[in-house]
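Worksheet for the structure shown next.
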Amino acid sequence: MSVAFPGESAEYRAARDRLLEREIELRRVTEAVAEARRALPPGGIVPQDYVFTGTGGEPVRLSELFAPGKDTLAVYNFMFPRAPGEDLPCPSCTAFLDSFDGTAGHAVQRVNLAVVAKTAPENLLAHADRRGWRHLRLLSSAGNDYNRDFRGEVEDGQQMPMLNVFRRDGAAIRHCWGSELLYAPPDPGQDPRHTDTIDPLWNLFDFFPEGRGTDWYPALDY
């Protein structure tokens, strides 16, 4: 099917058609990467049944995050605190979770989701209330080694926005995939883009003439 828009020049249409070919190739590569991700062999068995703390102060084990009939669990590391020695939420993580909260209500129909942060449960709850989050399962990881073990924390205590996927395998829980692109050196002028395929904000900017830019990041307030 040929596509054209009012007032466009022949030069524009030719360039747009060339770009369309690249977009088609990107679609193919995206599908191929997703297929390869699904085809990974079983990952390592999780070394312990980590105990988190819910926003009501209740202990929650990793194994308890798997609802009946749902054997996949995604856990996002929220950078809260965003740096050692402070207890402030990361604005970029917050922007991501603003969008993810809406997605979560749909996603949990098929899989399990949780967000963990190395802060007190009451801090998580207060921030969620300020943002109006309604669907995210928020847990404190301040009392366990989960963040460190699964690359949501580096040696100096800096928190990292890692996304990990786990799979229940009988009585065991296995690590399935992690957003390791976070730790791969990016090309010049790029951020790691490790979870960008599910981040509406940055993907939206990619459609605009201004692009993502190099000097703008989300804030907690505007």
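Values quoted throughout were computed directly from the atomic coordinates according to the rules given, and no laboratory measurement underlies them. Not measured: the values here are computed from a predicted model. All Cβ positions, even for glycine, are placed from backbone atoms using ideal geometry, and neighbour counts span all protein chains on display.
Rounded to the nearest 500, the 222 nm mean residue ellipticity of the chain from helices alone is -9500 deg cm²/dmol, with -39,500 (n - 2.57) taken per DSSP H run of at least 4 residues. Taken one residue at a time, the phi angles of segment 62-68 give Karplus couplings (6.51, -1.76, 1.60, θ = phi - 60°) of 4, 4, 7, 7, 8, 6, x Hz. Gly and Pro are set to x. Comparing Cα centroids, segment 73-140 and segment 9-51 end up 25 angstrom apart. Residues of the chain were split at every exposed loop site, defined as trypsin sites (Lys or Arg not before Pro) in a DSSP loop with at most 11 other C-beta atoms within 10 angstrom, and the longest piece left, sites excluded, is 1-109.
For Ala219 and Gln190, a Förster radius of 25 Å and the Cβ-Cβ distance give a FRET efficiency of 0.75, rounded to the nearest 0.05. When the chain is treated as a GNM with alpha-carbon contacts under 10 Å, the residue of Asp187, Asp199, Asp145 showing the greatest mean-square fluctuation is Asp187. Each of Ala67, Ala126, Val33 was placed along the dipole of the chain (beta-carbon charges, centred on the mean Cα), and the one lying farthest toward the positive end is Ala67.
Placing unit charges on the Cβ atoms only, positive for Lys and Arg and negative for Asp and Glu, gives the chain a dipole magnitude near 720 debye about its Cα centre. Modelled this way, with points 7 Å down the Cα-to-C-beta line, the labels at Ala67 and Asp145 are 3.2 nm from one another. If you plug the beta carbon distance of Ala126 and Ile198 into 1/(1 + (r/R0)^6) with R0 = 35 Å, you get a FRET efficiency near 0.85. Counting only DSSP beta bridges with both residues in the chain, the antiparallel share comes to about 70 percent.
Here's how it looks for Cys176: its modeled amide H is under 5 Å from those of Val165, Phe166, Arg167, which are all 5 or more places away or on a different chain. Lacking any other cysteine beta-carbon closer than 4.7 Å, the following Cys residues of the chain have no compatible partner: Cys176.
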